[in-house]
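Before any comments, here is the structure.
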Amino acid sequence: MLRVDCQTHVFPRAYAELLLKNTTPVRTVKSGDAYVISYGDLQTFALSLEPYDPRAKIRDMDEAGIDVSVLTVNIPGPELLTPELGVQGARICNDYLAELCTTFKGRFVGLATLPLQDMPAAMAEYQRAIHSLGLRGIFLFSHIAGKPLDAPEFEPLYDNAERDRVPLVLHPTVPTWGEVVKDYSMIPMIGLMVDTSIAMLRLILSGTLERHPDLLIVHPHCGGVLPYLMPRVEEQTEVKRRGREHICKPPGEYYRNVYLDIVSPSALAMEFAYRSSRPDRLLFGSDHPWVKIEAILEHFNRLQIPEAEKAMILGENACRLFRIG
């Protein structure tokens with residue numbers, strides 16, 4: 001059985017250099033060897049490229065017993081750049097991922113990023129990345145420069161992804177409402193998790209999953225806060241009949257078909273995701289290089305679940321979802 005890490009990141013130098021040219025509120029400046037990325041006055045990250053070295057990643061994979069990593073280019077995504085730079089950035093990222101998958105054949109598969117601020121360009125890049133470069137899914141941020149994922153303009157993406165059986169993997173980005181949690185570094189603590197949960201719930205309540213029942217979606221970090229809050233959501237929709245104008249079933253029924261990765265430094269959080277979901281809808285992930293693979297494995301190994309289900313989570317589900325092996 002292949003053991004697969006479904007959330008692990010790289011960052012191409014050419015993309016980091018491109019970020020220096022951007023003129024939207026997401027600005028980047030060079031400070032020594034680091035790229036300092038600012039999301040307005042909400043959040044600043046110092047990006048060093050050294051931890052993203054793919055050869056170091058493979059060494060860490062080998063030490064942890066991971067056979068394959070599903071690679072994505074970390075934030076900021078190209079949808080936050082000017083339209084012209086967004087198209088260039090997406091192509092740089094996708095070419096880089098395809099190159100890594102070829103250079104380290106059998107160790108990596110890649111997920112494409114798209115310049116979704118320009119839907120015609122995004123769908124052209126979708127065709128190139130999926131059908132020409134052979135990338136295995138789409139990396140989809142929790143909002144598209146402030147636009148929610150259920151906005152009608154994104155329907156072509158969902159149409160194509162459902163038809164092609166291409167997974168859409170959600171990932172946090174700095175929330176548009178970050179002003180309320182920017183103090184005390186609460187954006188990376190809690191803001192990112194809440195933002196992906198809001199995005200996922202919007203996809204359910206908007207009827208996006210009703211219209212696209214075969215859409216493959218991965219909700220990261222044990223589902224953020226949504227599994228914990230789903231009983232309250234359903235009390236609102238099914239008892240008080242609020243927010244269900246576009247759905248025919250309770251929200252949890254749609255959500256049980258969504259994949260969750262178990263990226264959390266907590267066996268308790270993993271167990272809650274397990275009890276809230278299905279063993280065939282859980283994926284092992286680490287968030288490497290920012291989290292050590294062994295740290296997540298240590299928590300996962302403490303779960304008291306059947307070995308056959310652990311095998312599903314450690315690789316079998318990912319191999320099926322991302323067509324690995």
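Per-residue answers, yes or no, for (1) surrounded by 23 or more Cβ atoms within 10 Å (Cβ to Cβ); (2) in a loop (DSSP other than H, G, I, E, B):
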position: R241; (1), (2): no, yes
position: H246; (1), (2): no, yes
position: P265; (1), (2): no, yes
position: M270; (1), (2): yes, no
position: D280; (1), (2): no, no
position: K310; (1), (2): no, no
position: R320; (1), (2): no, no
position: I324; (1), (2): no, yes
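Could you give me the residue pairs with C-beta distances under 8 Å whose first residue belongs to region 306-325 and is touching a residue at least 40 places away in the same chain (Cβ under 8 Å) and more than 16 Å from L135 (Cβ to Cβ), whose second residue is surrounded by 17 or more Cβ atoms within 10 Å (Cβ to Cβ) and among the acidic types (D, E) wherever it lies, and which are 6+ apart or on separate chains?
So the pair list comes out as G315/D67.
Considering only region 139-146, I want to know if a residue exists there that is closer than 14 Å to L260 by Cα, hydrophobic (A, V, I, L, M, F, W, C) and crowded, with 17+ Cβ neighbours inside 10 Å.
no
Somewhere in region 109-132, is a residue assigned to a loop (DSSP other than H, G, I, E, B), surrounded by fewer than 24 Cβ atoms within 10 Å (Cβ to Cβ) and free of Cβ contacts under 8 Å to residues at least 24 places away in the same chain?
For region 109-132, residues assigned to a loop (DSSP other than H, G, I, E, B), surrounded by fewer than 24 Cβ atoms within 10 Å (Cβ to Cβ) and free of Cβ contacts under 8 Å to residues at least 24 places away in the same chain: absent.
For (1) of a type in the set (K, R); (2) touching a residue at least 12 places away in the same chain (Cβ under 8 Å); (3) in contact with a helix residue (DSSP H, G or I) (Cβ under 6 Å, 6 or more places away or on another chain); (4) surrounded by 12 or more Cβ atoms within 10 Å (Cβ to Cβ), each residue gets a yes or a no:
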| position | (1), (2), (3), (4) |
| --- | --- |
| A16 | no, yes, no, yes |
| R27 | yes, no, no, yes |
| G32 | no, no, no, no |
| Y35 | no, yes, yes, yes |
| D41 | no, yes, no, no |
| S48 | no, yes, no, yes |
| P51 | no, yes, no, yes |
| P54 | no, yes, yes, yes |
| K57 | yes, yes, no, yes |
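Can you name every one of the strands (runs of 3 or more DSSP E) wholly within region 133-239 that holds 3 or more residues which are in contact with a strand residue (DSSP E or B) (Cβ under 6 Å, 6 or more places away or on another chain) and among the aliphatic types (A, V, I, L, M)?
Filter on region 133-239 gives 168-171.
Being more than 17 Å from the chain's Cα centre (by Cα) and polar (S, T, N, Q) is the filter; apply it to region 98-137 and report the residue that is farthest from E162 (Cα to Cα).
Among them, the one singled out is T103.
In this structure, is E235 over 30 Å from P306 (Cβ atoms) and free of Cβ contacts under 8 Å to residues at least 24 places away in the same chain?
yes
Hey, can you tell me all the residues within region 186-207 that are under 14 Å from T173 (Cα atoms) and among the polar types (S, T, N, Q)?
T196, S197
Those residues that are of a type in the set (V, I, T) and either buried (at least 22 other Cβ atoms within 10 Å of the Cβ) or more than 15 Å from the chain's Cα centre (by Cα) (or both), I need them from region 196-224; list them, please.
Of everything in region 196-224, those that are of a type in the set (V, I, T) and either buried (at least 22 other Cβ atoms within 10 Å of the Cβ) or more than 15 Å from the chain's Cα centre (by Cα) (or both) turn out to be T196, I204, T208, I217, V218.
Listed here are the residues, each with its yes/no results for (1) under 19 Å from the mean Cα position of the chain (by Cα); (2) buried (at least 16 other Cβ atoms within 10 Å of the Cβ); (3) at pLDDT below 95; (4) closer than 22 Å to P175 by Cβ.
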| site | (1), (2), (3), (4) |
| --- | --- |
| D60 | no, yes, no, no |
| V70 | yes, yes, no, no |
| P78 | yes, yes, no, yes |
| E84 | no, no, no, no |
| V87 | no, yes, no, no |
| R91 | yes, yes, no, no |
| Y96 | yes, yes, no, no |
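The values are calculated or read from the model by the stated rules, or taken from the named source; none is laboratory data. Worth saying up front: this structure is predicted, and the values here are computed from it rather than measured. Note that each Cβ is placed from the backbone with ideal geometry, even for glycine, and that neighbours are counted across all protein chains shown.
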